[in-house]
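Chemist: One structure is given below, represented as structure tokens, and several questions about it will come after.
The values are calculated or read from the model by the stated rules, or taken from the named source; none is laboratory data. Values in this document were obtained by computation on a predicted structure and should not be read as measured data. Using ideal geometry, Cβ is built from the backbone for each residue, glycine included, and neighbour counts are taken over all protein chains shown. Quick note on the areas: whole protein, heavy atoms, side chains included, nothing else; ligands and nucleic acids left out. Shrake-Rupley method; radii C 1.70, N 1.55, O 1.52, S 1.80 Å.
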Amino acid sequence: MDSLKNNFSDFEFEAGCDEAGRGCLAGPVFAAAVILPKGFKNKELNDSKKLSEKQRNNLRKVVEKEALAWAVAKVDPSEIDEINILNASFLAMHRAIDKLSVKPEFLLIDGNRFNKYKNLPHTCIVKGDGKYLSIAAASVLAKTFRDEFMTKANKDYPNYLWDKNKGYPTLKHKLAIQEFGLSPHHRKSFNYNIQLKINF
């Protein structure tokens, strides 16, 4: 496997940003922003979707320890319903950037769109979490923090099996919605009639 690239720009403080939970039916969308040291190397770090849960949890510790700065933020379902999931993803990234202890000079965003953050320059990289270490690090943090949240939420709402599906539209999750209705953690603006027809 080719190693991921360290930096996109020549700026000293370049923050990689990514989100987790955009395609979910329940729970917040989480985002992370990570500034790595210039010479940072890690052969295991990759797009969080390509890693096992154990690998993600181990790499989270590495990122938290070795990053110059990192932050995680979320946008709750009620806010998602107000502003839509795409804008909520951008807002979650903005909130994560706000929390960084080191002020970034440049933003590297996973995806093809972004709402400009203050006066900072940025570049969007499609599938950037598999190309740049800082975005991969952000994807690992966003994913692990979100999975933790959904596992805890599952204790109050075990019918939806969030400890396993993490809020994604699996068949069992959809069947549970049909049987028990929506929980306070569900995104009310999503079209459940369409969602529930899938895979039936």
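Chemist: Which ones in the stretch 172-186 are open to solvent by 80 Å² or more (accessible area, probe 1.4 Å) and either in a helix (DSSP H, G or I) or at pLDDT below 95 (or both)?
Modeler: Of all residues in the stretch 172-186, those open to solvent by 80 Å² or more (accessible area, probe 1.4 Å) come to 172, 178-180, 184.
Within the stretch 172-186, Lys172, Gln178, Glu179, Phe180 meet the criteria.
Chemist: In addition: So, in the stretch 154-163, how many residues would count as being over 18 Å from Glu53 (Cα atoms) and assigned to a helix (DSSP H, G or I)?
Modeler: Going through the stretch 154-163, the residues over 18 Å from Glu53 (Cα atoms) turn out to be 155-160.
Now narrow it down to the ones that are assigned to a helix (DSSP H, G or I): 155-156, 158-160.
Residues in the stretch 154-163 being over 18 Å from Glu53 (Cα atoms) and assigned to a helix (DSSP H, G or I): 5 in total.
Chemist: I'd like the full set of residues that are part of a loop (DSSP other than H, G, I, E, B), open to solvent by less than 80 Å² (accessible area, probe 1.4 Å) and either small (Gly, Ala, Ser) or over 24 Å from Phe114 (Cβ atoms) (or both), limited to the stretch 38-50.
Modeler: Scanning the stretch 38-50 gives Gly39, Asn42.
Chemist: Would you point out which residue out of Asp98, Asp10 is in a loop (DSSP other than H, G, I, E, B) and open to solvent by 40 Å² or more (accessible area, probe 1.4 Å)? Can you show your working first?
Modeler: Details: Asp98 fails: in a loop (DSSP other than H, G, I, E, B).
Among Asp98, Asp10, only Asp10 is in a loop (DSSP other than H, G, I, E, B) and open to solvent by 40 Å² or more (accessible area, probe 1.4 Å).
Chemist: If the requirement is being open to solvent by less than 70 Å² (accessible area, probe 1.4 Å), of a type in the set (S, T, N, Q) and over 12 Å from the mean Cα position of the chain (by Cα), which of these qualifies: Asn112, Asn87? Working first, answer last.
Modeler: Working: Asn112 fails: open to solvent by less than 70 Å² (accessible area, probe 1.4 Å).
Of Asn112, Asn87, the one residue that is open to solvent by less than 70 Å² (accessible area, probe 1.4 Å), of a type in the set (S, T, N, Q) and over 12 Å from the mean Cα position of the chain (by Cα) is Asn87.
Chemist: What tally of residues in the stretch 64-84 results from selecting those that are among the hydrophobic types (A, V, I, L, M, F, W, C), farther than 17 Å from Asn7 by Cβ and buried (at least 17 other Cβ atoms within 10 Å of the Cβ)? First the steps, then the outcome.
Modeler: Filtering the stretch 64-84 down to residues among the hydrophobic types (A, V, I, L, M, F, W, C) leaves 67-73, 75, 80, 83.
If we keep only those that are farther than 17 Å from Asn7 by Cβ as well, we get 71-73, 75, 80, 83.
Now narrow it down to the ones that are buried (at least 17 other Cβ atoms within 10 Å of the Cβ): 71-73, 75, 80.
The number of residues fulfilling the criteria is 5.
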